[in-house]
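S.K.: Submitted below is the structure of interest, expressed as structure tokens.
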Amino acid sequence: GASRPAQTSNGKLPVVASFYAMKEITEAIGGDKVEVRTLIPEGTEPHEFQPTTRSMKDLSKARVLVLQGLGMEPWAEEMVKTAENRDLVQVVAAKDVQPIRNEEAEEIREHGQYDPHAWLSPVCAQQEARAIAEGLAKADPANKAYYEANAEKFIARLKRMEGTYKEKFRQVHRKDFVTGHAAFAYLCRDFGLEQSSVEGVFASGEPNARQLAALVEFCRERGVKTIFTEAAVSPKTSESLAREVGAKVVPIH
């Protein structure tokens with residue numbers, strides 16, 4: 001309709017993004033025309049999120065909701081229904097991404113049939129930026145050109161990054177790596193890498209001695225020199241693992 005976009009007290013477009021990565025891309029494109037809140041508090045696992053009173057309130061006042069999609073936010077549909085926000089423009093950032101199917105039963109249980117972690121790929125992130133720019137422009141047509149220009153700038157940065165890393169990874173002869181959470185399939189697709197996940201071991205808290213031994217064996221066989229840890233996961237396991245196999249521990253953002 002021709003109704004003016006609702007605005008925050010400082011005249012910005014109120015946007016809600018599901019989690020931090022979506023907020024980051026949305027802010028890069030929305031610039032000073034938008035005010036973005038995340039539904040999921042920083043440091044909370046997106047998969048296990050339970051809507052709170054505050055997140056419901058934010059959603060009922062927002063003009064745009066930015067979701068990743070691909071099964072990342074299974075709680076979103078119910079939440080949108082409850083919020084009864086008729087002016088809400090919903091953006092699924094990954095709508096044009098070619099999805100990667102989950103192979104492992106564990107992953108399918110956690111995420112459904114597709115791997116949702118597309119934003120970690122510079123190639124997919126470019127498609128997501130376009131989808132988000134489109135959504136912002138739909139909610140706020142007056143600033144369409146501004147959002148498009150910002151999206152182009154952001155995409156150009158991602159293209160440069162993609163080019164730099166294509167070159168770097170081309171020169172690396174070992175293409176496999178080990179990670180706690182199998183979140184890098186799209187990144188692997190971009191750069192011809194191979195991920196092995198020790199998800200089962202890391203996800204369930206501290207592994208027992210037998211699991212740890214299997215993990216040590218796994219890393220030794222593959223000559224692993226670096227173990228990546230995530231902020232949300234206790235680094236204890238990774239540290240003892242690194243000691244055993246003579247690797248270093250590097251935190252990953």
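S.K.: Look through region 175-220, keep the residues that are at pLDDT 90 or above and open to solvent by less than 30 Å² (accessible area, probe 1.4 Å), and return whichever of them is farthest from residue 160 (Cα to Cα).
M.R.: Among those residues, the one meeting the criterion is 185.
Here is a yes/no grid of residues against (1) exposed (fewer than 11 other Cβ atoms within 10 Å of the Cβ); (2) within 21 Å of the chain's Cα centre (by Cα); (3) more than 26 Å from residue 88 (Cβ to Cβ):
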position	(1), (2), (3)
137	no, no, no
140	no, no, no
145	yes, no, no
168	yes, no, yes
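S.K.: If the requirement is being assigned to a loop (DSSP other than H, G, I, E, B), open to solvent by less than 20 Å² (accessible area, probe 1.4 Å) and at pLDDT 90 or above, which of these qualifies: 97, 91? It would help to see each step written out before you state the result.
M.R.: Working: 91 fails: assigned to a loop (DSSP other than H, G, I, E, B).
Of the residues listed, the single one that is assigned to a loop (DSSP other than H, G, I, E, B), open to solvent by less than 20 Å² (accessible area, probe 1.4 Å) and at pLDDT 90 or above is 97.
S.K.: Can you say whether residue 172 is open to solvent by less than 70 Å² (accessible area, probe 1.4 Å) and touching a residue at least 60 places away in the same chain (Cβ under 8 Å), as far as the supplied structure shows?
M.R.: Answer is no for this residue.
S.K.: Output the number of the condition that residue 27 fails; it satisfies all remaining conditions of (1) open to solvent by less than 90 Å² (accessible area, probe 1.4 Å); (2) without any contact (Cβ under 8 Å) to a residue 12 or more places away in the chain; (3) farther than 27 Å from residue 252 by Cα.
M.R.: Checking residue 27 against (1) open to solvent by less than 90 Å² (accessible area, probe 1.4 Å); (2) without any contact (Cβ under 8 Å) to a residue 12 or more places away in the chain; (3) farther than 27 Å from residue 252 by Cα, the one that fails is (3).
S.K.: Pairs please, first residue from region 104-128 and among the basic types (Lys, Arg), second anywhere and modelled with pLDDT under 90, Cβ atoms under 6 Å, 6+ apart in sequence or on different chains.
M.R.: Sorted first by the residue in region 104-128, then by its partner, the list stays empty.
S.K.: Could you please give the count of residues in region 225-240 that are open to solvent by less than 40 Å² (accessible area, probe 1.4 Å) and modelled with pLDDT of 85 or more?
M.R.: Adding up the residues that qualify gives 1.
S.K.: Is at least one residue of region 34-45 touching a residue at least 24 places away in the same chain (Cβ under 8 Å), under 28 Å from residue 148 (Cβ atoms) and part of a helix (DSSP H, G or I)?
M.R.: no
The values are calculated or read from the model by the stated rules, or taken from the named source; none is laboratory data. No experiment lies behind these values; they were computed from the predicted model shown. Here the Cβ is made from the backbone with ideal geometry for all residues, glycine too, and neighbour counts use every protein chain on show. In case anyone asks, the SASA skips ligands and DNA or RNA and just uses the protein heavy atoms, side chains included. Shrake-Rupley method; radii C 1.70, N 1.55, O 1.52, S 1.80 Å.
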